[in-house]
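Everything below concerns the one structure shown next.
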Amino acid sequence: TYQRDLGRRSGQLINKMIKNFAVSRMKMPIVVRAGDQLHVIDGQHTAIGAATHPDIDSIPAMFIPLQDISEQAASFIGHNTARIPVAALDLWHARITAKDPTATQANDVLNEFGISVVRTVQGSNHSWQTNQTVATGVITKILEKYGLPKFRQVVKFMADCSFSPIRADHWRFAEALLLSAEAHHQHFTPSMMLEIIKSINPTDAYNESTKIARSIEEPVYRG
């Protein structure tokens, strides 16, 4: 009664877990007794994925003897708030180490054109070098959406722009300019845009883009 309902994203996650189920990747569900049942207070997706999988008979679970529902709810809150989320950069580099096909393919193309994903960002005063980025989520989406040849096209364009850093909005801008159905080739060819980019201060340009986007109520990349 105190847990969230499972939505579309939960369904997608459970389906993914079923297709790639491995004990080495699962987190042990935490359960409490409720009458003659066991209720899952943490690890709900894992439990449903295992119960749905046709080849999984049982999985380990941690039992906590909490009878009162208020204690159970408090435990649920603790398990879902007293944790440090894994940063996107840590996940990216872990995927590279694990030889994840998409991350590895994307990283190989980035390296080919001299673009690197930094390991850490030390606060707002981080000293950026040319063609460094942290926008791993956008990078992965572009590769998955358009495929390798078009992804290489975007990466080459970004490398030629020489931004420091390459922000997520820069990647989205390149995607819109080069690949999307709304590509503005009737106004700017990529070579024209690249010439403009190289002629102006990138920080001033980004700040101006932010103002334009705000004034027309559009995303920054469109500005």
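Listed by chain and number, the lysines whose C-alpha is less than 18 Å from the C-alpha of LYS141, apart from same-chain residues fewer than 8 away, are LYS16, LYS99, LYS150, LYS156. Here the Karplus curve 6.51 cos²θ - 1.76 cosθ + 1.60, taken at θ = phi - 60°, turns the phi angles of the range 203-213 into couplings of 5, 4, 5, 5, 4, 5, 4, 4, 5, 4, 4 Hz, with x standing for Gly and Pro.
Within the shell of other residues whose beta carbon sits under 12 angstrom from the beta carbon of VAL109, the net charge comes to +1, with Lys and Arg scored +1 and Asp and Glu -1. Here's how it looks for PHE163: its modeled amide H is under 5 Å from those of ASN131, which are all 5 or more places away or on a different chain.
Looking at the chain, the accessible area is 63 square angstrom per residue; that uses a 1.4 Å probe and ignores ligands, DNA and RNA.
Calculated on C-alpha atoms, the gyration radius of the range 6-135 divided by its Kirkwood radius gives an Rg/Rh of 1.10.
Take TRP128: with every protein chain present and a 1.4 Å probe, its accessible area is about 70 Å². The share of accessible area on the chain that comes from carbon and sulfur is 54 percent, using a 1.4 angstrom probe. Would you compute, from DSSP H runs of 4+ residues alone, the mean residue ellipticity of the chain at 222 nm, taking -39500 (n - 2.57) per run and dividing by the full residue count, rounded to the nearest 500? Only helices count here, giving -16000 deg cm²/dmol. Each semi-axis of the equivalent ellipsoid for the chain is √(5λ) with λ an eigenvalue of the Cα gyration tensor; in descending order they amount to 44, 20, 17 Å.
For the pair the range 91-149 and the range 193-213, the centres of their Cα atoms are 23 angstrom apart.
The values are calculated or read from the model by the stated rules, or taken from the named source; none is laboratory data. A quick note: this is a predicted structure, and the numbers were derived from the prediction, not measured. Methodologically, a virtual Cβ is constructed for each residue, glycine included, from the backbone with ideal geometry; neighbour enumeration extends over all protein chains shown. SASA here: full protein model, heavy atoms, side chains in, ligands and nucleic acids out. Shrake-Rupley method; radii C 1.70, N 1.55, O 1.52, S 1.80 Å.
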